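The values are calculated or read from the model by the stated rules, or taken from the named source; none is laboratory data. These numbers come from a predicted model, not from an experiment. FYI the Cβ positions are ideal-geometry reconstructions off the backbone, even for glycines, and counts take in every protein chain you see. Note: areas computed on protein heavy atoms with side chains; ligands, DNA, RNA excluded. Shrake-Rupley method; radii C 1.70, N 1.55, O 1.52, S 1.80 Å.
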Amino acid sequence: MDVTFQFDWQAAIDSIPYLLEGIPWTLLISFGGLAIGFVIGIVFGLLRISPITFLRWPAIAYIEVFRGTPVLVQVLFIFYGLPQILGGPINALTAGIAAIALNSGAYISEIVRGGVQSIEKGQREAGLSLGLSRTQAFRYIIWPQAFRRMIPALGNQGIVSIKDTSLFSVIGVGELVRQGQIYIATTFTALEVYFMVAMMYLVITLSLSFALRQIERRGLAGQ
Amino acid sequence: MNETTNTASRQTGEREPIVRMDKVNKHFGKLHVMQDIDLEVAPGEVVVIIGASGSGKSTLIRCVNGLEEFQGGRIVVDGNELLPNGKSGKSLQTIRTEVGMVFQQFNLFPHLSVLDNVTLAPMKVRNWPRDKALETARKLLARVGIEDQADKYPGQLSGGQQQRVALARALAMGPRLMLFDEPTSALDPEMIGEVLDAMRELANEGMTMMIVTHEMGFAREVADRVIFVHGGRIVEQGPPEEVFDHPRHERTQSFLSRVLKH
């Protein structure tokens with residue numbers, strides 16, 4: 001061990017412009033994937049609690065498969081495996097967004113299910129007893145309350161998915177980690193560069209935490 | 001007060017009943033929770049249903065607006081028919097718009113202000129413009145004595161206030177019939193009076209009401225008819241003086257002796 005090793009701040013600072021180029025990709029994959037995942041999560045989360053068995057079953061299958069397999073395997077399957085079926089290549093960005101969407105979608109389905117099921121059944125009954133249709137009772141009474149309860153768990157999933165995108169360096173998307181690796185290949189400053197990469201993830205995830213805390217606070221102000 | 005409501009219901013006794021239950025049966029698995037229930041409620045009549053917990057009294061009124069399904073018989077509410085096993089189709093929602101309900105746990109919508117709780121259904125179900133819904137809501141809130149709480153949220157109100165909001169919310173739809181499912185059972189003792197007062201006023205105005213309650217003093221005072229339910233059956237019914245003072249059935253006697261002692 002080289003005990004005299006010094007953390008080279010200059011090397012760390014020098015890497016910043018290069019690493020910053022990766023951030024748009026990281027954000028695009030994260031938030032693009034999460035946006036789609038949110039839609040998937042609402043649809044499959046509601047199918048999951050449908051009283052109709054043949055709607056519930058495919059939702060359970062989807063959730064179990066994508067929650068029970070690693071996101072790295074999922075992206076490798078999409079990027080390297082699917083083209084063999086489709087007969088043409090899939091671009092790395094699309095594969096990354098698809099993997100985050102499908103993976104987060106499975107978790108968000110369960111978040112949606114939990115949120116909706118946490119609302120007391122008296123709420124629905126009160127709505128129905130006033131003459132609201134089931135759809136109206138869901139839209140005006142159950143969903144707004146369920147969504148508020150889902151915010152902390154959704155924030156958590158957002159942070160997990162942002163970090164998951166770091167795995168996609170393996171398919172060659174120029175996201176944060178990939179940019180770091182390329183830079184290190186020429187400068188051999190692994191300690192400094194990975195430290196900066198970690199800091200950048202932290203800035204992104206902390207910003208998200210902060211934003212969510214504001215939303216939560218505002219959402220609960222009335223109650 | 002009691003006299004006037006009694007005569008009112010007798011005068012209207014000739015008319016078509018608002019609620020008619022014919023041989024209604026309900027099973028919860030092996031439990032036979034409603035057995036051949038026959039019941040008619042006349043317009044303007046105040047019917048109080050009493051009985052031990054688990055006797056089926058809440059289930060009975062929850063069947064009237066279709067919150068509970070039943071397996072046999074039929075229920076006609078204001079000309080709309082409810083069919084067994086949830087096969088009522090469109091008439092179910094029609095009935096629910098015409099029948100108001102107040103629940104034991106209030107079931108106010110915690111994410112909406114008091115005012116929005118009351119205006120939601122008139123705006124979404126009756127398609128009233130916001131102005132009209134607001135005006136009606138304010139009037140009703142004033143009537144139950146909580147107009148100054150209109151902009152608060154349910155969580156900021158006492159139990160008694162919440163239950164009065166729930167009453168205003170149900171009345172906003174202009175119901176022909178009101179169902180009360182143990183409306184004071186979740187309240188602290190000092191708040192029971194304010195809710196019963198609001199209900200008493202409603203009864204005096206001629207509202208048709210079906211009330212499940214443990215408030216025997218209130219039942220005696222407000223009811224036109226008291227129904228005692230035991231084991232999913234209507235065991236005894238009649239004017240309150242008769243049922244409370246001269247119960248004929250042994251079950252009624254033992255129930256009342258237990259309840260009235262306290």
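Worth pointing out:
- Span from the region B:145-206 Cα centroid across to the region A:88-134 one, whole angstrom: 35 Å
- Using alpha-carbon coordinates, inclination of helix A:143-164 to the longest axis of chain A, degrees: 20 degrees
- Residue A:202-residue B:147 FRET efficiency (beta carbon distance; Förster radius 60 Å; 0.05 resolution): 0.70
- Threshold 20 Å², region A:91-132 residues less accessible with all protein chains present than alone (1.4 Å probe): A:122, A:123, A:125, A:126, A:128, A:129, A:130, A:131, A:132
- Ratio of Rg to Rh over region A:1-133 (Cα coordinates, Kirkwood Rh, two decimals): 1.20
- Set of lysines with alpha-carbon distance to residue B:23 below 27 Å, sequence-local pairs under 8 removed: B:57, B:87, B:90
- Mean projected area in nm² (Cα convex hull; one quarter of hull surface) for region B:106-152: 3.3 nm²
- Estimated distance in nm for a label pair at residue A:153 and residue A:67, the labels positioned 7 Å out from Cα along Cα-to-Cβ: 0.9 nm
- Considering only A:131, A:97, A:61, the residue lying farthest towards the positive end of the dipole of chain A is A:131, judged by Cα position with unit charges set on Cβ.
- Net charge of neighbours whose Cβ lies under 13 Å from the Cβ of residue A:204, counting Lys and Arg as +1 and Asp and Glu as -1: -1
- Point-to-point label distance, residue A:133-residue A:18, nm (Cα→Cβ direction, 7 Å offset): 6.0 nm
- Under 5 Å between amide hydrogens, built in the peptide plane, is the criterion, and for residue B:233 it picks out B:35 among residues at least 5 positions away or on other chains.
- Modelled label positions at residue A:181 and residue A:195, each set 7 Å beyond Cα in the direction of Cβ, lie 2.3 nm from each other.
- The magnitude of the dipole of the protein assembly as shown, with charges of +1 and -1 set on the Cβ of Lys/Arg and Asp/Glu and taken from the Cα centre, is near 900 debye.
- Cβ-Cβ FRET estimate between residue B:139 and residue B:94, R0 fixed at 30 Å, reported to 0.05: 0.75
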